[in-house]
Amino acid sequence: MMLAYTAYFDASGKQDHPETVVAGIVSPVHVWERYEVDWRLALCQFDVPYFHMKEFTASQGPYTAARWKSEGYRARFLGTLAVIVKSATLMTVARVLKHSLFAEVNKEYELDTRFNPYVICSLDCAPQRSPKTGQ
């Protein structure tokens with residue numbers, strides 16, 4: 001029996017940063033369908049339209065209301081999201097690429113004609129085998 005998997009990735013790092021980091025979560029498709037429902041319900045419970053860590057930590061966007069000044073409220077929100085992510089996670093992957101290394105190799109192989117640091121990290125994150133069966 002073949003099981004369908006899905007992966008979700010996020011990246012940090014910009015051109016002016018020394019490296020690009022890509023991290024992702026892999027799970028069976030049916031588990032992610034439940035994850036999406038749970039995630040949306042959690043956002044509704046805390047009355048926010050989305051979660052973006054950059055805005056959350058800076059108290060910007062939907063995180064400017066008075067309730068977000070309470071460390072307890074913020075901790076409950078993050079805890080709720082963490083439980084949802086953990087329940088849907090079969091496997092995690094992450095890769096980092098230093099921009100100086102990319103630039104060095106790029107001189108000889110002209111990587112930037114086909115790739116960028118994000119693409120290379122993402123390709124390296126892609127599982128080559130099933131997390132459970134090894135096939």
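Rule-based calculations on the coordinates, nothing more; no lab input. A quick note: this is a predicted structure, and the numbers were derived from the prediction, not measured.
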- Query: Helix 29-45 versus the longest principal axis of the chain: what is the Cα-based angle in degrees, 0 to 90, to the nearest 10?
  - Reply: 40 degrees
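Over the chain, how many pairs of lysines fall under 20 Å by alpha carbon, counting only those 8 or more apart in sequence or from different chains? List each step's numbers first, then the result.
Details: Lys14/Lys54; Lys14/Lys98; Lys54/Lys69; Lys86/Lys132; Lys98/Lys107.
Close lysine pairs found across the chain: 5.
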- Quick one: pull the percentage of alpha-carbon pairs in region 8-135 with a separation above 21 Å. 55 percent
- Quick one: which residues, 5 or more positions from Thr6 or on another chain, have an amide H under 5 Å from its amide H? H modelled 1.01 Å from N in the peptide plane, none for Pro or chain starts. Ser27, Val29
- Message: Below 8 Å between Cα atoms, with a sequence gap of 6+, how large is the relative contact order for the chain in percent?
- Response: 33 percent
